[in-house]
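What follows is a set of notes on a single structure, which appears directly below.
The values are calculated or read from the model by the stated rules, or taken from the named source; none is laboratory data. The structure presented is a predicted model; accordingly, all values stated were derived computationally and were not measured. Glycine gets a Cβ as well: all are built from the backbone with ideal geometry, and neighbour counts include every protein chain shown.
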Amino acid sequence: MASLHPSRHQADELVQLNKSLANTQWLALHVIAAQGNSVEFAAFYRQQDKLGQLHERSRFVLEEGRWWYLDGDFLPPLKWERNAVCWCGSDAKYKKCHGA
């Protein structure tokens with residue numbers, strides 16, 4: 001909420017955000033690329049014992065020395081290679097961690 005551009009605020013967004021947060025545990029954030037005013041990232045979460053991923057390319061605007069989130073495009077989930085280090089930061093291979 002604190003980073004959302006004031007022009008993007010909606011009347012019921014705080015209620016919707018609180019509902020979402022009550023059922024969501026955010027686990028990890030990976031910034032994939034940042035260029036100009038856009039950032040591509042993947043955020044991993046658990047919701048009702050199911051793992052999920054938010055992969056987005058977000059757009060920001062710099063106003064008076066502060067970056068504000070404007071909007072973003074949802075992208076297909078990233079695929080983790082079995083032998084890659086797991087996204088959770090455990091330093092274990094994905095296949096032996098969250099890929100099992």
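Observations on the model:
- Odd one out for W68, checked against (1) over 15 Å from the mean Cα position of the chain (by Cα); (2) touching a residue at least 40 places away in the same chain (Cβ under 8 Å); (3) not in a strand (DSSP E or B): (3)
- A single entry from Q53, Q47 fulfils the requirement of being free of Cβ contacts under 8 Å to residues at least 40 places away in the same chain, in contact with a Ser or Thr (Cβ under 7 Å, 6 or more places away or on another chain) and within 22 Å of S20 (Cα to Cα): Q47.
- Every listed requirement among (1) more than 17 Å from the chain's Cα centre (by Cα); (2) modelled with pLDDT under 90 is met by N18 save one, (1).
- For the range 79-89, a residue qualifies if it is loosely packed, with under 13 Cβ neighbours inside 10 Å and of a type outside the set (K, R), and the qualifying residues are E81, N83, A84, G89.
- Top-ranked residue of the range 21-49 - restricted to ones that are at pLDDT 90 or above and of a type in the set (D, E, K, R), ranked as nearest to D71 (Cα to Cα): E40
- From the list H98, H30, the one residue that fits, being part of a strand (DSSP E or B) and farther than 20 Å from A2 by Cα, is H30.
- Residue match in the range 41-56 (condition: of a type in the set (K, R) and surrounded by 12 or more Cβ atoms within 10 Å (Cβ to Cβ)): yes
- Contacts under 8 angstrom Cβ, first residue in the range 87-100 being over 20 Å from W26 (Cα atoms) and at pLDDT below 90, partner in a loop (DSSP other than H, G, I, E, B) and among the basic types (K, R), 6 or more apart: none
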